[in-house]
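Take a look at the structure below.
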Amino acid sequence: MEFPITADDWVALTHDPLDQGEAARWAILPSCGAVVTFAGTVRDHSEGREGVSFLEYEAYQEQVEPRLLAIAGVARERWPMVGRLALLHRIGRLELGVESVVVVASSPHRPEAFEAARFLIDAIKATVPIWKKETWLKGTDWSLCDHEIEDISISTEERDALVAEINRRSLVSQVSPHSSSDLHS
């Protein structure tokens, strides 16, 4: 999995498996006594659909990372004491029990970590263009809980800067000879 764009915010949209343990370990800082992790997993049912066997996530990929970074920015405005934030989401086919989304928030104290983590997952669901298709006993169709994508508070200049940083990071990762596991050593 790719590492953070900034020192304290890790955002990713990936086909690769998510590792909530790795994200939680990354979020630990000497100044933070609380780390809250939320993982959403694929379950065997949804509203009116028993026997769900797998999900397929699709995304408007060019918009996902800028929006995840914007969510992290808003969280930092609301809870300035947070240490690290991780906002990670899968795309592609996911089987039952597999993590589809992981958010992590660290802070000096637990109330802010819990509040920030709750905000992160709720904001992802409301503002990031990711959709899921469900396959269940009686068919395949888009999730019934899909909704209009809301805008996250970010200026055009900030969005352009985030897109430029994401593009720069993509170029750097293409020429980097190190895997993510090498970077932790």
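Brief remarks follow.
- Pair list, Cβ under 7 Å, 6 or more apart: the range 27-40 residue in contact (Cβ under 8 Å) with a residue 24 or more places away in the chain, other residue of a type in the set (Phe, Trp, Tyr): Val36/Phe114
- Per-region count, the range 47-59, residues farther than 15 Å from Val98 by Cα and buried (at least 16 other Cβ atoms within 10 Å of the Cβ): 2
- Of all residues in the range 102-129, those satisfying the criterion of being farther than 15 Å from Leu69 by Cα and crowded, with 17+ Cβ neighbours inside 10 Å are Ser106, Ser107, Glu112, Ala113, Glu115.
- Any chance Arg84 is touching a Ser or Thr at 6+ places or on another chain (Cβ under 6 Å), surrounded by 17 or more Cβ atoms within 10 Å (Cβ to Cβ), touching a residue at least 24 places away in the same chain (Cβ under 8 Å) and basic (Lys, Arg): yes
- Among the residues of the range 25-43, the ones that are surrounded by fewer than 18 Cβ atoms within 10 Å (Cβ to Cβ) and either over 27 Å from Tyr60 (Cβ atoms) or among the basic types (Lys, Arg) (or both) come to 7 in all.
- Matching residues, the range 101-149, being farther than 15 Å from Arg90 by Cβ, modelled with pLDDT under 95 and among the basic types (Lys, Arg): Lys138
The values are calculated or read from the model by the stated rules, or taken from the named source; none is laboratory data. Not measured: the values here are computed from a predicted model. Here the Cβ is made from the backbone with ideal geometry for all residues, glycine too, and neighbour counts use every protein chain on show.
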